[in-house]
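Down below is the structure, laid out as structure tokens.
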Amino acid sequence: MTERLAELDARVGGIRELGAVVNAMRGIAAARVQQAGTQLAAVDRYAAIIMAAIGQALLLAPGRRDQPAGEGRSDTRAGRPHLRTAIVLFCAEQGFAGAFSQRVLDFTGDDLARCELFLIGTRGNTALLERGIVASWTGAMPAHSQGIPRLADRIVDALYVRIASGEIDRLDAVFGRWEPGTGATVQRQHLFPVDMTAFPRPADLNPPLLNLAPAILLQDLTANYMHAQLCEAALHGFAAENQARMEAMAAAHNQIGRELSSLQAMQRMVRQEEITAEIIELAAGETASRSGFGQ
């Protein structure tokens, strides 16, 4: 009985330690979600400023007003394969995020096999390999959201090599997104070619002073805009992964609570049985002692 009680005590202690780890992971994930939300607001403001600048630059480059940036390129080399769509997938980097990566991959569907894939997230890459598909380029999601602009730089550098060589004629991003009150969703956003008709034209027609040729300025602004869009998609994916981890840790916390309650009830029952056995043993010894004394 004593060995059984000691075993239950050890199991209860182990469950409590696991619960502390789960609560810590849940708290870290919540802090990362909050931090990403703050940075998303900053990225949105940055993107809005670039959009306004592109709208002004388009007034100085009339030939580009209605033509999506990146289109109009022709490839006359013989034997050139068909141009392909590339997709940047933002999946889970770490574990304990439930089926987050699977949802992103399922949402992409048949394009996983048809398109060139740029995959972010170590766990997501493992899930993709399990489906027999190899991404053209892979990268790790930073542990902290402050590293996302640098990640976007790496993605842009890898993409521009293929865009410049004419291997890619379209670029989309697929990422998870979590909104308060609506829960988690997966979205697909078009990134390239940039639709120049989507940028607002300024009401003030006074042209700004420029130190660059309008075409070069527009090209640079478009590159910055795509970088901002990638940062936004990565931040949404980062926040959604950590939100999924929060939900997984909440479910684990509830399961640990139920397991702990069950073990504690068993612990009390075994302890009571042990106390009862000791009382019976003492009473029997007292009875036997009195019987021997009476003789």
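Please count how many residues of region 199-248 are basic (Lys, Arg) and either outside any loop (DSSP other than H, G, I, E, B) or surrounded by 20 or more Cβ atoms within 10 Å (Cβ to Cβ) (or both). Break it down stepwise before answering.
In the first step, residues of region 199-248 are kept if they are basic (Lys, Arg); the result is 201, 245.
With the extra rule that they be either outside any loop (DSSP other than H, G, I, E, B) or surrounded by 20 or more Cβ atoms within 10 Å (Cβ to Cβ) (or both), the set shrinks to 245.
The number of residues fulfilling the criteria is 1.
Only one of Phe118, Phe175, Phe192 is of a type in the set (Phe, Trp, Tyr) and closer than 21 Å to Ile54 by Cβ; which?
Values: Phe118 fails: closer than 21 Å to Ile54 by Cβ; Phe175 fails: closer than 21 Å to Ile54 by Cβ.
Answer to the selection: Phe192.
Within region 54-110, how many residues turn out to be modelled with pLDDT under 55 and at positive phi? Lay out the reasoning, then the answer.
Within region 54-110, the subset modelled with pLDDT under 55 is 64-82.
Okay, now just the ones that are also at positive phi, so 70, 72, 79.
Here the count works out to 3.
For Asp195, only one of the following conditions fails: (1) out of contact with any helix residue (DSSP H, G or I) (no Cβ under 7 Å at 6 or more places or on another chain); (2) surrounded by 14 or more Cβ atoms within 10 Å (Cβ to Cβ). What is its number?
The one condition Asp195 does not meet is (2).
Applying the selection to region 83-105, what residues are within 20 Å of Glu247 (Cβ to Cβ) and not in a helix (DSSP H, G or I)? Spell out how you get there, then give the answer.
If we filter region 83-105 for residues that are within 20 Å of Glu247 (Cβ to Cβ), which is where we start, we get 90-105.
If the condition is that a residue be within 20 Å of Glu247 (Cβ to Cβ) and not in a helix (DSSP H, G or I), then Phe90, Cys91, Ala92, Glu93, Gln94, Gly95, Phe96, Ala97, Gly98, Ala99 are the ones that fit.
Do the conditions hold for Val186, that is, is it β-branched (Val, Ile, Thr) and free of Cβ contacts under 8 Å to residues at least 60 places away in the same chain? Before the answer, list the steps.
Values: β-branched (Val, Ile, Thr): yes; free of Cβ contacts under 8 Å to residues at least 60 places away in the same chain: no.
In short, no.
Would you list the strands (runs of 3 or more DSSP E) that sit entirely within region 106-194 and hold 2 or more residues that are among the aliphatic types (A, V, I, L, M) and within 19 Å of the chain's Cα centre (by Cα)? Working first, answer last.
Values: elements: 116-120, 137-139, 168-179, 183-192.
Those strands (runs of 3 or more DSSP E) span 116-120, 168-179, 183-192.
Identify all residues within region 125-166 that are within 19 Å of Phe192 (Cα to Cα), among the β-branched types (Val, Ile, Thr) and either exposed (fewer than 15 other Cβ atoms within 10 Å of the Cβ) or without any contact (Cβ under 8 Å) to a residue 24 or more places away in the chain (or both); write none if there are none.
Once the filter is applied, which keeps residues that are within 19 Å of Phe192 (Cα to Cα), among the β-branched types (Val, Ile, Thr) and either exposed (fewer than 15 other Cβ atoms within 10 Å of the Cβ) or without any contact (Cβ under 8 Å) to a residue 24 or more places away in the chain (or both), region 125-166 yields only Val161.
Can you tell me how many residues within region 16-54 are crowded, with 17+ Cβ neighbours inside 10 Å and touching a Phe, Trp or Tyr at 6+ places or on another chain (Cβ under 6 Å)?
3
Just checking, how many residues over region 111-124 are in contact with a helix residue (DSSP H, G or I) (Cβ under 9 Å, 6 or more places away or on another chain) and free of Cβ contacts under 8 Å to residues at least 60 places away in the same chain?
Let us first name the residues in region 111-124 that are in contact with a helix residue (DSSP H, G or I) (Cβ under 9 Å, 6 or more places away or on another chain), namely 112, 115-121, 123-124.
So of that shortlist, the ones also free of Cβ contacts under 8 Å to residues at least 60 places away in the same chain come out as 112, 115-119, 123-124.
Number satisfying all stated conditions: 8.
Within region 115-135, can one find any residue that is among the aliphatic types (A, V, I, L, M) and either modelled with pLDDT under 90 or touching an Asp or Glu at 6+ places or on another chain (Cβ under 7 Å) (or both)? Walk me through it before giving the result.
Just the residues of region 115-135 that are among the aliphatic types (A, V, I, L, M), to begin with: 117, 119-120, 127-129, 133-135.
From the residues that got through so far, the ones that are either modelled with pLDDT under 90 or touching an Asp or Glu at 6+ places or on another chain (Cβ under 7 Å) (or both) too are none.
No: zero hits.
Output the number of residues of region 201-251 satisfying the condition of being among the aliphatic types (A, V, I, L, M), over 26 Å from Leu59 (Cβ atoms) and in contact (Cβ under 8 Å) with a residue 12 or more places away in the chain. Before the answer, list the steps.
At the first step, the residues of region 201-251 found to be among the aliphatic types (A, V, I, L, M) are 203, 205, 209-210, 212-213, 215-218, 221, 223, 226, 228, 230, 233-235, 239-240, 244, 246, 248-251.
Among the residues that remain, those that are also over 26 Å from Leu59 (Cβ atoms) are: 230, 233-235, 239-240, 244, 246, 248-251.
Adding the requirement that they be in contact (Cβ under 8 Å) with a residue 12 or more places away in the chain leaves 230, 233-235, 239-240, 244, 246, 248-250.
So the count comes out to 11.
Taking region 117-153, which residues are within 24 Å of Val33 (Cα to Cα) and among the hydrophobic types (A, V, I, L, M, F, W, C)?
Phe118, Leu119, Ile120, Ala127, Ala140, Met141, Ala143, Ile148, Leu151, Ala152 - these are the residues of region 117-153 that are within 24 Å of Val33 (Cα to Cα) and among the hydrophobic types (A, V, I, L, M, F, W, C).
The values are calculated or read from the model by the stated rules, or taken from the named source; none is laboratory data. Quick caveat: nothing in here was measured; it's all calculated off a predicted structure. Counting neighbours? That spans all protein chains shown, and the Cβs are built from the backbone with ideal geometry, glycine included.
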